[in-house]
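Participant: Below you will find the structure I want to go over with you.
The values are calculated or read from the model by the stated rules, or taken from the named source; none is laboratory data. What you see is a predicted model; the values in this text were computed from it and never measured. No Cβ is skipped: glycine too gets one built from the backbone with ideal geometry, and neighbour counts run over all protein chains shown.
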Amino acid sequence: MKKGLLLASAIIVVMVASGCSTILKGKTQQVNIATSNNEKINVNVDGKNVSIPGVVEVTRKKANLMVSTVAKGCTENTVVPSTVEPVFFVNILSGGAFGSSTDYATESMWKYDDNIMIHCK
């Protein structure tokens, strides 16, 4: 009986202490970055040089995502604002302060647009 109560208590603590966005969405996000003219170019996304069009894994955070390039005819800097992940609000209702504070502390509550367009001539 005591062992069962201890196990049940441990499960409840783990569920309450973990953030829903952290568990369901993770600390990273896959975003599709393309150019308006469908040309291949190299861009810098959060310090990583990548060739686009393509899918890029980015770290979720409150700060805007900066995509920059020196490709001729393309916008040099594209700012992608972060928004709150809708799962975060479900977590407030179901998990309360513990789960939502975990999501806030790990910045897993933020997301970027799934599709980012770099404007090129």
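Participant: Within the range 30-64, count every residue that is part of a loop (DSSP other than H, G, I, E, B) and under 30 Å from residue 102 (Cβ atoms). Step through it out loud before you land on a result.
Facilitator: First, pick out the residues of the range 30-64 that are part of a loop (DSSP other than H, G, I, E, B): 36-40, 46-47, 53, 60-64.
Now drop any that are not under 30 Å from residue 102 (Cβ atoms), which leaves 46-47, 60-64.
Selection size over the range 30-64: 7.
Participant: Return the pair list, or none, for Cβ contacts closer than 6 Å from residues in the range 67-80 that are closer than 22 Å to residue 57 by Cβ to residues that are surrounded by 10 or more Cβ atoms within 10 Å (Cβ to Cβ) and among the small types (Gly, Ala, Ser), at least 6 apart or on different chains.
Facilitator: Sorted first by the residue in the range 67-80, then by its partner, the pairs are 77/68.
Participant: Determine whether residue 43 is buried (at least 16 other Cβ atoms within 10 Å of the Cβ), under 12 Å from the mean Cα position of the chain (by Cα), modelled with pLDDT of 70 or more and not small (Gly, Ala, Ser).
Facilitator: Details: buried (at least 16 other Cβ atoms within 10 Å of the Cβ): yes; under 12 Å from the mean Cα position of the chain (by Cα): no; modelled with pLDDT of 70 or more: yes; not small (Gly, Ala, Ser): yes.
Answer is no for this residue.
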